[in-house]
Amino acid sequence: MSKWYKEAIGYQIYPRSFNDSNNDGIGDLVGIIEKLDYLLDLGITMIWLGPIYKSPMDDNGYDVSDYYSIAPEYGTIDDCKNLINEAHKRGIKVVMDLVLNHTSDEHPWFIESRKSLDNEYRDYYIWAKGKNINGIEKEPTNWASFFGGSAWKKDEITKEYFMKIFSDKMPDLNWKSKAMKKDMFKMVEFWCDLGVDGYRVDAVAHLDRAEFIDSVGEEKYVQDWSKISNLPKVFDYLEEINNEVLNNYDMFSVGEVGGGANLDSVLDYVAYENNRLDMVFTFDHNWRNNGFDSCIDEFIQEVDLLSLKNDFARFQTGLYNKSWHALYWLNHDHPRVMSQYGNIEHHNLSGKMLATVLYFMWGTPLIYNGEEIGMTNGDFSDISEVRDISSINNYNEVIKTHTVKQAMTNIRISARDNSRTPMQWNSSMNGGFSESEPWIRVNENHKWLNVEHQLNDSNSILNFYKNIIRIRKSEYKEIILYGEFELTYKENKRKNILIKLKTHLFLPKDTI
Ligand code: NOJ
């Protein structure tokens with residue numbers, strides 16, 4: 001198989017927020033088609049689309065209720081075929097999100113599964129009995145979910161608990177079920193046949209679970225991700241998907257492995273000889289500041305530059321010649337990198353610095369929509385403006401022990417919605433994203449921070465991205481894409497290179 005993905009310039013599109021063609025306030029597939037020429041001009045050769053399947057949108061499409069249909073607000077299967085076709089005409093490959101860890105509770109499999117203990121779909125999901133502690137019924141284990149609360153939810157129909165490591169409406173699939181796997185492989189094949197070029201495999205690290213034994217910890221629900229992450233069977237499942245389906249196509253796969261995966265574990269996923277994934281997204285470099293603990297009044301954001309450098313160096317050196325790697329600053333689960341590691345007072349320079357740091361390393365760039373113009377975190381002033389279920393759950397927890405002001409600071413610094421506000425195309429109403437009120441508010445700074453403005457400014461971040469992309473495709477390709485990485489200034493902590501800034505978040509909106 002060819003290794004086209006190594007030389008690809010990837011771009012992640014968050015469909016809900018990219019471009020709204022029918023003015024219903026929600027981005028859609030026709031809207032993406034309208035912007036393909038913009039992406040071509042930027043130099044993009046591969047797009048990754050966030051999930052566009054039919055879904056009740058509890059988690060913006062990661063809760064799939066039908067893998068074979070497109071969410072009506074995004075368009076139709078014909079729009080999707082059209083998008084693939086139009087992208088291919090421009091030499092742009094299309095990568096879909098593949099959600100294997102869970103479905104929506106509105107998926108027909110789950111609707112069946114919960115009906116009775118002997119339903120034929122029962123073992124498509126992970127069910128267990130509660131445990132009895134001194135006459136009180138408890139969840140099968142004390143494990144926490146990523147979105148807050150327990151990793152289990154009791155279903156009243158059969159009085160058993162189903163596992164759900166994300167939201168209550170996202171029951172986890174049971175990869176031990178042969179029938180479920182067979183149905184999944186069929187679905188994976190469907191999209192391959194439709195012409196997609198690759199998959200970003202969502203939450204791939206979690207397909208296997210440890211034995212149901214309580215974790216040690218004081219909290220009611222213990223955040224012990226080791227019970228649900230990077231366990232041995234995950235690798236078997238990945239090999240199976242490849243052998244059953246993907247190896248028959250020239251497909252590319254990138255898995256979302258997340259935080260805490262060490263080099264050996266990453267190699268288990270991506271080493272060339274393993275036939276599992278082509279590359280992974282790790283999360284270590286996404287949180288090298290104190291953003292998670294930002295529930296204090298006068299929050300000072302500090303970047304741990306040494307750790308950040310080491311995160312890159314660890315994988316650049318450890319994976320060299322053994323596998324391939326994804327180069328990315330952020331995705332839709334992280335704050336905007338400009339707000340995290342840049343300095344908005346030096347917006348133009350920060351954007352260029354961030355691009356230079358990352359995109360001269362070896363690997364495949366995946367630029368997150370809006371990064372190329374230096375979009376910033378959202379300017380949320382009230383929780384009612386926040387849409388993300390995990391952030392809302394977290395906010396509700398935080399206000400039990402903190403003030404609303406502190407909880408909102410935390411939202412503005414670490415919430416996932418910070419990177420989900422609409423793409424800022426121009427300075428007009430709603431940033432040119434939509435003529436109707438968007439599903440989530442556009443940042444006020446679209447008046448000066450937008451694509452149109454930067455296209456017309458030869459010194460802009462956008463034009464700088466174009467140049468870097470051009471250089472990656474030029475006669476320097478060999479050295480940039482395949483050259484060896486060496487970290488210089490290993491001990492240099494000069495934080496002033498990045499930031500130690502009093503956060504801009506308390507300044508009036510129009511100064512941002
Ligand atoms: C990772 C996705 O990137 C995130 O947005 C989603 O909430 C979880 N997986 C669950 O699918």
Checklist entry - Here are Ala71, Ala128: which of them is within 16 Å of the ligand (Cβ to nearest atom) and out of contact with any helix residue (DSSP H, G or I) (no Cβ under 7 Å at 6 or more places or on another chain)? => result Ala71
Checklist outcome for this item: The number of residues in the stretch 275-301 that are surrounded by 15 or more Cβ atoms within 10 Å (Cβ to Cβ) and in a strand (DSSP E or B) is 6
Checklist entry - Across the stretch 405-436, what is the total count of residues that are closer than 28 Å to Asn23 by Cα, under 16 Å from the mean Cα position of the chain (by Cα) and not in a loop (DSSP other than H, G, I, E, B)? => result 4
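Conditions tested, residue by residue: (1) within 16 Å of the ligand (Cβ to nearest atom); (2) at pLDDT below 95; (3) in a helix (DSSP H, G or I).
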position	(1), (2), (3)
Gln316	no, no, yes
Lys322	no, no, no
Trp329	yes, no, no
Asp333	yes, no, no
Met338	no, no, yes
His346	no, no, yes
Ser350	no, no, yes
Thr356	no, no, yes
Checklist entry - Can we say Glu444 is assigned by TED's automatic domain parsing to the domain that holds Gly318, at pLDDT 95 or above and exposed (fewer than 14 other Cβ atoms within 10 Å of the Cβ)? => result no
Checklist entry - Would you say Thr364 is under 17 Å from the mean Cα position of the chain (by Cα) and more than 18 Å from Arg416 (Cα to Cα)? => result yes
Next on the checklist: Would you confirm, using the coordinates I've provided, whether Lys159 is more than 29 Å from Tyr11 (Cβ to Cβ), at pLDDT 95 or above, surrounded by fewer than 16 Cβ atoms within 10 Å (Cβ to Cβ) and not assigned by TED's automatic domain parsing to the domain that holds Tyr272?
Outcome noted: yes
Checklist entry - Any idea which residue in the stretch 245-271 is farthest from the ligand (Cβ to nearest atom), counting only those that are among the hydroxyl-bearing types (Ser, Thr, Tyr) and at pLDDT 95 or above? => result Tyr249
Item to check | Contacts under 6 angstrom Cβ, first residue in the stretch 256-269 being acidic (Asp, Glu), partner within 16 Å of the ligand (Cβ to nearest atom) and part of a helix (DSSP H, G or I), 6 or more apart | outcome: Glu256/Val204
Item to check | Residues within the stretch 362-404 that are of a type in the set (Val, Ile, Thr) and within 16 Å of the ligand (Cβ to nearest atom), tallied | outcome: 3
Checklist entry - Just a yes or no: is a residue in the stretch 450-472 in contact with a Phe, Trp or Tyr (Cβ under 9 Å, 6 or more places away or on another chain), crowded, with 20+ Cβ neighbours inside 10 Å and without any contact (Cβ under 8 Å) to a residue 60 or more places away in the chain? => result no
Checklist outcome for this item: In the stretch 170-212, residues that are within 11 Å of the ligand (Cβ to nearest atom) and either assigned to a loop (DSSP other than H, G, I, E, B) or touching a Cys at 6+ places or on another chain (Cβ under 6 Å) (or both) total 2
Checklist entry - Out of the residues in the stretch 371-391 that are in a helix (DSSP H, G or I) and within 18 Å of the chain's Cα centre (by Cα), which is surrounded by the most Cβ atoms within 10 Å (Cβ to Cβ)? => result Glu372
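The values are calculated or read from the model by the stated rules, or taken from the named source; none is laboratory data. If you're wondering where the values come from, they're calculated on a predicted model, not measured in any experiment. So basically every Cβ, Gly included, is an ideal-geometry build from the backbone, and we count neighbours across all protein chains shown.
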